[in-house]
Amino acid sequence: MGIKKTAVVRLVVPVCVSLWVGVSHAIVWGVPDGNNHPNVGALFVKFDPVFSLGPAVPAGVFPVCSGSVIAKSGNRALFLTAGHCIEPLMNLVAALGAEGLNPVAVVSFSSNLHQDPGIAIPVDMGALHWQLGQLPTTALGALPGFDDIGVVVLHAGDAADLPDPITLPHQGLLDALGASGFRGSEFRVVGFGDDITEPTPHTRVRIFGVREVAYPRPVNLGEKFVMAQQHGPSGSSGAYFGDSGGPIFWVDPASGSETAVAIVVGPVGGLMNTVSTVAQHYRIDTAFALGFIEQVKSSEGF
């Protein structure tokens, strides 16, 4: 007997939406990125039989997070994302599998999943790495031991399908800028999340599937977090649902080159249901984050 779509939607979607909505964050007042950042991908779960969860989500796609390639070897790559994306990914695969939907966790580097799904590169579910604490409730996430970083391994059918890695930072890059240099820097956030164009009450033009870039305004630098303003009327933009794990690039004022210095975590105070004007991003230029990445590289043979 075939699976009835209405039954699946009724059974699976409430569970999976609770997994996704509480953990992934999207582009606010951003613009389509095209192929400017081909190494930033969308992490999602494909399912079959294919149906659409709604007009704002590509058919056959259950959104999870964003992320970027940080290393590759042959037809394998390491994909950096947020730590809080990993357990929901596992739970989502299990929930969809229990309903007979043949789920496969994948990453696509297509710039627009609605127009072209691109090549879905499978995630090795036996090679998931993450460090995670609870969502910070303070402005800079000043909780003991809090970290939010994850890495998954991709296995491509053809090595040519894997983009080149992003540029990772040296330790303490942001600290070395000094207070004035930090606040005067240009940052770019890239992700596949919600397209939000209006202030609260806001309109979600699209929930997931188009790579966009935004320009947050740096506000403060903590030990583990970057705080940035993302308020369209004030001339800044940033991240929201679906962008978790996406890279935050620092732009070298001399060369214009980009270096990833953080990954999207979420709005200050965990305000998931509004367009937050301030967001916090987990720094990857710290000894811990860089050490974690090197440990994963070593354990996975990169």
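The table that follows gives values for the structure above.
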item: Other-chain or far-sequence residues with amide H under 5 Å of Leu43's (modelled H); result: Val64, Cys65, Ser66, Gly67
item: HN-Hα J in Hz across the stretch 156-171 - Karplus 6.51, -1.76, 1.60, θ = phi - 60°, x for Gly and Pro; result: 8, x, 9, 4, 5, 7, 9, x, 5, x, 6, 8, 8, x, 7, 4
item: Amide proton proximity set for Leu53, modelled H, under 5 Å, gap of 5+; result: Gly60, Val61
item: Contour minus Cα-Cα distance for Ser52 and Ile119 (0.36 nm per residue); result: 22.2 nm
item: Packing-based exposure ordering (other Cβ within 10 Å, fewest first) of Glu294, Glu212; result: Glu294, Glu212
item: Amide H contacts of Val213 (H built 1.01 Å from N, under 5 Å, at least 5 apart or other chain); result: Val31, Asp33
item: Using θ = phi - 60° and Karplus 6.51 cos²θ - 1.76 cosθ + 1.60, couplings along the stretch 182-191 (whole Hz; Gly, Pro as x); result: 5, 5, x, 7, 9, 10, 10, 10, 10, x
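Here, each number is a calculation from the coordinates, and none is a lab measurement. Every value quoted in this text rests on a predicted model; they were computed, and no experiment measured them. Neighbour counts run over all protein chains shown; Cβ positions are idealised from the backbone, glycine included.
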